[in-house]
Amino acid sequence: MHGEDGEEFLFIMKIEKKIWPKYFENVLSGEKTFELRLADWDCKEGDILLLREWDPDKKKYTGRKIEKQVGYVTRIKPLQLPFWSAEDVEKYGLQIISLK
């Protein structure tokens with residue numbers, strides 16, 4: 001959508017997701033600065049992720065939550081990457097690397 005002056009409007013969305021306690025703590029401390037998620041939903045730079053701590057053993061929310069702004073987003077299908085063979089991906093897996 002564009003305004004009268006041609007400037008593009010960006011609509012910021014707030015997206016709620018579960019996060020397990022171990023990863024919640026790492027996000028809270030600032031140590032974990034990335035998310036690896038199944039790409040079955042849309043998000044874009046500038047959106048807000050509302051991460052709600054979920055206890056998988058008790059199968060309920062803990063009550064803790066944190067909001068983080070989305071930075072760079074990329075979507076990949078690991079077996080369709082031009083860099084590595086499907087066999088190498090299966091053997092070694094992939095790393096998600098946070099850059100500071």
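Is it the case that some residue within region 35-44 is in contact (Cβ under 8 Å) with a residue 24 or more places away in the chain and over 11 Å from the mean Cα position of the chain (by Cα)? Looking for residues that are in contact (Cβ under 8 Å) with a residue 24 or more places away in the chain and over 11 Å from the mean Cα position of the chain (by Cα), one finds none in region 35-44, hence no. With the checklist (1) exposed (fewer than 10 other Cβ atoms within 10 Å of the Cβ); (2) more than 26 Å from Lys22 (Cα to Cα) in hand, flag the one item Leu81 doesn't pass. Here Leu81 meets the rest and fails (1). Residues in region 45-59 that are under 15 Å from the mean Cα position of the chain (by Cα) and either more than 19 Å from Ile96 (Cβ to Cβ) or modelled with pLDDT under 90 (or both): Gly46, Ile48, Leu50, Arg52, Glu53.
Selection of region 56-94 for residues being of a type in the set (Gly, Ala, Ser), out of contact with any helix residue (DSSP H, G or I) (no Cβ under 9 Å at 6 or more places or on another chain) and outside any loop (DSSP other than H, G, I, E, B) yields only Gly63.
The values are calculated or read from the model by the stated rules, or taken from the named source; none is laboratory data. All figures in this text were calculated on a predicted structure; none of them were measured in a lab. Here the Cβ is made from the backbone with ideal geometry for all residues, glycine too, and neighbour counts use every protein chain on show.
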